[in-house]
1. Of all GluC sites (Glu not before Pro) in the range 209-256, which ones are in loop regions per DSSP and have a Cβ with at most 11 other Cβ atoms within 10 Å?
2. Give the carbon-plus-sulfur fraction of the accessible surface of the range 126-256 in %, rounded to a whole number; probe 1.4 Å, heavy atoms of protein chains only.
3. Go from 0 up to the bin containing the longest alpha carbon distance in the range 1-59, width 10 Å each, and give me the % of pairs per bin.
4. Looking at the range 121-161, which trypsin sites (Lys or Arg not before Pro) are in a loop (DSSP not H, G, I, E or B) and have at most 12 other Cβ atoms within 10 Å?
5. How much length would be gained if the chain were fully extended between F127 and Q21, taking 0.36 nm per residue of separation minus their Cα-Cα distance, in nm to one decimal?
6. Mind jotting down the distance between the C-alpha centroids of the range 17-76 and the range 99-138, whole Å?
7. So how tilted is helix 201-213 from the main axis of the chain? Cα-based, degrees 0 to 90, rounded to 10.
8. V171 label point, 7 Å along Cα→Cβ, cut-off 20 Å on backbone N: hits in the range 147-164?
Amino acid sequence: MPRYAAKLQYDGTHYVGYQVQPNGPSIQAEIEKALKLMTKLPKGQHIPTSSSGRTDSGVHALGQVIHFDYPAAIQPDSMLRALNSILDSSIRIIQVAQVADDFHSRYHATGKKYLYRVDTNRFPDPFKRLYTTHHPYRYNLQNMQAAIQAIVGTHDFSSFCSSKTDKENKVRTIYEATVNYDEASHELHFYFHGAGFLYNMVRILVGTLLQIGDGLKPVNELERLLEAQNRNEAGPTAPPQGLCMMEVEYPEDPFK
């Protein structure tokens with residue numbers, strides 16, 4: 001069967017995340033349902049999909065990548081249009097490509113980029129409430145900018161990982177990490193680019209950085225936490241709606 005890669009965007013507000021879960025609707029389930037409708041498979045059969053990574057409940061994506069094996073050869077543009085005609089408007093396939101039979105959206109990924117948005121207005125903007133976290137308190141941007149540099153490089157991120165993770169190896173490499181204030185939107189933008197991320201890692205980092213910005217923790221707190229390797233000592237897990245998976249990188253772009 002030919003293998004296809006697809007890049008998708010979704011509003012994760014009403015989903016339990018990308019991966020199929022027993023407690024609510026997921027992005028994966030919606031896509032596999034659409035694929036089944038396209039192929040008219042018998043009851044009990046479906047086309048499984050694999051993703052470049054999971055996203056938590058309420059988290060969004062602009063560049064999630066998946067792959068699947070389809071029982072017939074279809075032009076990528078026809079596949080794209082067919083899927084989008086079935087999927088809910090909160091999920092959109094933006095690119096499809098036929099790829100090599102051994103392509104794997106997760107294991108071949110070399111990097112991922114995430115953006116976390118924080119609304120700093122005095123009152124929460126009703127049009128941003130599903131895509132930003134509201135934080136109206138005074139903060140020191142320079143302290144957060146200095147602190148965030150501690151995570152660049154290869155480190156053990158045990159302090160910034162949910163206890164629910166199934167990963168034993170918590171060493172990850174971060175290529176770039178920044179936080180800036182966007183005057184036009186009155187938002188703080190936390191940007192993370194790394195080889196891979198642990199469960200809740202970005203959200204715990206943001207929660208801790210906001211405490212540093214608020215003066216509740218010292219500027220060198222991230223350095224201490226990297227050494228401590230203790231989740232209980234880090235800050236809170238920031239809410240999911242501010243987080244968006246922006247891009248997944250591969251040695252060669254599968255959509256060229």
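The values are calculated or read from the model by the stated rules, or taken from the named source; none is laboratory data. These numbers come from a predicted model, not from an experiment. Every residue, glycine as well, gets a Cβ built from its backbone with ideal geometry; the counts of neighbours run over all protein chains shown. To get the accessible areas, we keep the full protein, side chains included, count just its heavy atoms, and leave off ligands, DNA and RNA. Shrake-Rupley method; radii C 1.70, N 1.55, O 1.52, S 1.80 Å.
1. On the way: sites: E221, E223, E227, E233, E247, E249, E252; in loops: E252.
Passing both the DSSP loop test and the Cβ count: E252.
2. 48
3. Going from the shortest bin to the longest, the percentages are 21, 52, 25, 2.
4. Here the trypsin sites (Lys or Arg not before Pro) that fit, given the DSSP loop and packing criteria, are R122, R138.
5. That pair, F127 and Q21, stretches by 35.3 nm at full extension.
6. Between the Cα centres of the range 99-138 and the range 17-76 lies a distance of 20 Å.
7. Taking Cα atoms only, the helix is inclined about 20 degrees.
8. Hits in the range 147-164 for V171 at 20 Å: 150-162.
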